[in-house]
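Below is one structure; the comments refer to it alone.
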Amino acid sequence: MPPIAYLECSQCHAHLPADSPQTICTQCPSPPAGMMYVRYDLTHLKGSSPGDVIGQDGLSSPWKGMWRYRAVLPEVKPVTLGEGCTPMLRSKRYPNVYLKEEGANPTGSFKARGLALAVSMARHYGLHKLAIASAGNAAGALAAYAAAAGIEAHIFMPHDVPFANYLEALAYGAQITLVDGLISDCARMIATLKEEGGWFDISTLKEPFRVEGKKTMGYELVEQLGWEYPDVVFYPTGGGVGLIGMWKAFEELEQLGWVAPGKRPRMVAVQAAGCAPVARAFDQGADASEAWKNAATFASGLRVPKPYGDAIMLKILRESQGTALALTDDQILASILDWARNEGVLLSPEGAAATAAYDSLLKSGFLKPTDRVVLFNTGAGLKYTDVIAEAMKVSRPLREEPRSLTTAPFLSTVR
């Protein structure tokens, strides 16, 4: 693992040391302060091949997780539960479409990557109490990794998150506050209480290392495609850490010479019509989003009214010649059922927003059937059984009286 050279502000480009825990930039002349990027001296890797650096490590390791990319991650002893190296599933109907199945991660979502690295660094810095504002899956991931590290987790999340998110955080022993509001309300509560509680805020983009964990998705998808870029990447976008992290990975891959020079993938940010601040700002040509009022969608991970990294995401979308769009809950539900019945994959609502967006952009002509596309399913559909059932208007069937084997076949069919 390389030592960290410095932390760089995404906005004013100030350099801060990494020898003590940092949050957002302390040098920005005006708010909002920029998020911090981790920068390394990677000169010793230039001229190497990924097979020399990554491949050999994978062969010698009993487990090929995201830490096989430790040559481009901070020098730290990992707190790991087996995150990373998720499948890239080729669609049965669309030969150039791949589904990156992040539901295969520990705690059932892509959040495991960012929290694994952030908690590893928190333990490295000697932090004992971490707080997070979460729309659901990040809460479960922090609770799990904090338990593994012996660190207190203080979680603030909306009261109507999918029940699995609440249950797993409770089982892992986290301190939970359910808020009658949205993730933005949770964030304000942490800002008010963190000094009194002695908490370090590990929420989206409030510290630099969740981006580093999420960037491994970029390394992975390129490696799984033979160290070549796809044409397009669809990413369900709430807080946007994964989108930002993958773009950082592409930058590093080019610096290292591990991908051939050429056009990076077009990035597509996918949101829900009931909460689409980034899509609206993109359509309006704005440099930042405005807070979305009365946010509502059953894709809870997309219910982020004002992402902290909105300006960075919008810049990435435009630099990549990508786009942003929003899908209705009806479109998302239809795509969940379509992929379940035709591909054998139960998507999360957020992942189904990406698959629905693919259908929409293919129909509009933005995409061609020949474009090689990666769609991210950011969480396992089974974590959303309560909200998917509600959207489908399905309830548990009533128990039937047992029938005699001598008078009727021992079969029942639920339609």
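The values are calculated or read from the model by the stated rules, or taken from the named source; none is laboratory data. Since the structure is predicted, the reported quantities are computational estimates derived from the model, not experimental observations. Here the Cβ is made from the backbone with ideal geometry for all residues, glycine too, and neighbour counts use every protein chain on show. All accessible areas refer to the heavy atoms of the entire protein, side chains included, with ligands and DNA or RNA removed. Shrake-Rupley method; radii C 1.70, N 1.55, O 1.52, S 1.80 Å.
Using Cα atoms only, what is the angle between the long axis of helix 111-125 and the major principal axis of the chain, expressed in degrees (0 to 90) to the nearest 10?
Approximately 40 degrees, to the nearest 10.
If I model a spin label as a point 7 Å beyond the Cα along the Cα-Cβ vector, how far apart are those points for Arg372 and Glu228 in nm?
If labels sit at Arg372 and Glu228, their model points lie 0.4 nm apart.
Using the Karplus equation 6.51 cos²θ - 1.76 cosθ + 1.60 (θ = phi - 60°), what ³J(HN,Hα) coupling, rounded to whole Hz, does each residue of region 201-212 give in order, writing x for Gly and Pro?
7, 10, 5, 3, 6, 8, 8, x, 9, 5, 4, 5
Assuming R0 = 30 Å, what is the FRET efficiency of Gln321 and Gln255, from their Cβ-Cβ distance, to the nearest 0.05?
On the way: r = 21 Å, r/R0 = 0.71.
Calculated value: 0.90.
So what J values fall out for region 295-302 if you push phi through Karplus, 6.51 cos²θ - 1.76 cosθ + 1.60 with θ = phi - 60°, rounded to Hz, Gly and Pro as x?
Using θ = phi - 60°, the values come out as 4, 7, 6, 7, 7, 4, x, 9 Hz.
Please sort 387-397, 369-379, 149-159, 332-342 by packing, taking for each peptide the average over its residues of neighbouring beta carbons within 10 angstrom, highest first. Working shown, then result.
Details: 387-397: 12.6, 369-379: 22.7, 149-159: 20.5, 332-342: 18.5.
The packing order, highest mean first, is 369-379, 149-159, 332-342, 387-397.
For the full complex of protein chains and a 1.4 angstrom probe, list Lys306, Lys194 by accessible area with the highest value first.
Ranked from most to least accessible, the order is Lys306, Lys194.
Classify region 164-280 as rounded, prolate or oblate from the Cα gyration tensor: take a ≥ b ≥ c as the square roots of its eigenvalues, call it rounded if a/c is under 1.5, otherwise prolate when a/b beats b/c and oblate if not.
Values: a/c = 2.43, a/b = 1.92, b/c = 1.27.
Prolate, because a/c is 1.5 or more and a/b exceeds b/c.
Would you mind checking region 150-167 for residues with the amide N under 12 Å from a putative spin-label position 7 Å along Cα→C-beta of Glu390?
159-164
Can you classify region 254-344 as rounded, prolate or oblate using the Cα gyration tensor, where a ≥ b ≥ c are the square roots of its eigenvalues, rounded means a/c under 1.5, and otherwise it's prolate if a/b beats b/c and oblate if not?
Values: a/c = 2.55, a/b = 1.23, b/c = 2.08.
Oblate, since a/c reaches 1.5 and b/c is not below a/b.
So for the pair Lys194, Arg93, with labels modelled 7 Å out along Cα→Cβ, what separation do we get in nm?
For Lys194 paired with Arg93, the spin-label model returns 4.4 nm.
Report the FRET efficiency, 1/(1 + (r/R0)^6), for Asp19 and Lys129, where r is their Cβ-Cβ distance and R0 is 22 Å, rounded to 0.05. Present the calculation step by step, with values, prior to reporting the outcome.
Details: r = 20 Å, r/R0 = 0.93.
The formula returns an efficiency of 0.60 here.
With a point put 7 Å past each Cα toward its Cβ, work out how far Asp287 is from Asn342 in nm, to one decimal.
Reported label-point gap for Asp287 and Asn342 is 4.3 nm.
Would you please classify the overall shape of region 218-257 from the alpha carbon gyration tensor, given that a ≥ b ≥ c denote the square roots of the eigenvalues, rounded means a/c under 1.5, and beyond that prolate means a/b larger than b/c while oblate covers the rest?
Details: a/c = 2.59, a/b = 1.48, b/c = 1.75.
Here region 218-257 falls in the oblate category.
Which of Lys248/Lys293; Lys100/Lys263; Lys77/Lys111 have a Cα-Cα distance over 23 Å? Please report the intermediate quantities before stating the final value.
On the way: Lys248/Lys293 31 Å; Lys100/Lys263 21 Å; Lys77/Lys111 19 Å.
From the list (Lys248/Lys293; Lys100/Lys263; Lys77/Lys111), the Cα-Cα distance tops 23 Å for Lys248/Lys293.
In whole percent, and with a 1.4 Å probe on the protein chains, what portion of the accessible area of the chain is carbon and sulfur?
Details: 9510 of 17970 Å².
Of the solvent-accessible surface of the chain, carbon and sulfur hold 53 percent.
Cα extents of region 90-143 along the three principal axes, largest first, in whole Å?
So the three principal-axis extents are 49, 22, 14 Å.
Give me the extension gain from Leu42 to Arg399: residue separation times 0.36 nm, minus the current Cα-Cα distance, reported in nm with one decimal.
Stretched out fully, the Leu42 to Arg399 stretch lengthens by 122.3 nm.
Measuring from centroid to centroid over Cα atoms, what is the spacing of region 234-280 and region 152-230 in Å?
19 Å
For Asp52 and Asp185, FRET efficiency with R0 = 56 Å and r from the beta-carbon atoms, rounded to 0.05?
The computed FRET efficiency comes out at 0.70.
For the chain, what is the accessible area per residue in Å² when the probe is 1.4 Å? All intermediate terms of the calculation are to be shown ahead of the outcome.
On the way: 17970 Å² over 415 residues.
Normalised by residue count, the accessible surface of the chain is 43 Å².
State the extension gain, in nm to one decimal, for the chain segment bounded by Arg280 and Asn294, taking 0.36 nm per residue of separation less the distance between their alpha-carbons.
On the way: separation 14, 0.36 × 14 = 5.04 nm, distance 1.48 nm.
My answer for the length gained is 3.6 nm.
Where both partners of a DSSP beta bridge lie in the chain, what percent of those bridges are antiparallel, to the nearest 5? Present the calculation step by step, with values, prior to reporting the outcome.
Numbers: 13 of 43 bridges.
Counting only bridges with both partners in the chain, antiparallel ones make up about 30 percent.
Taking θ as phi - 60°, what are the ³J(HN,Hα) couplings along region 44-49 by the Karplus curve (6.51, -1.76, 1.60), each to the nearest whole Hz, with x for Gly and Pro?
5, 9, 5, x, 7, 9
Taking +1 at the Cβ of each Lys and Arg and -1 at the Cβ of each Asp and Glu, which of Trp339, Ala389, Leu16 sits farthest along the dipole of the chain towards its positive end, judged by Cα position relative to the Cα centre?
Positive-end residue among those listed: Trp339.
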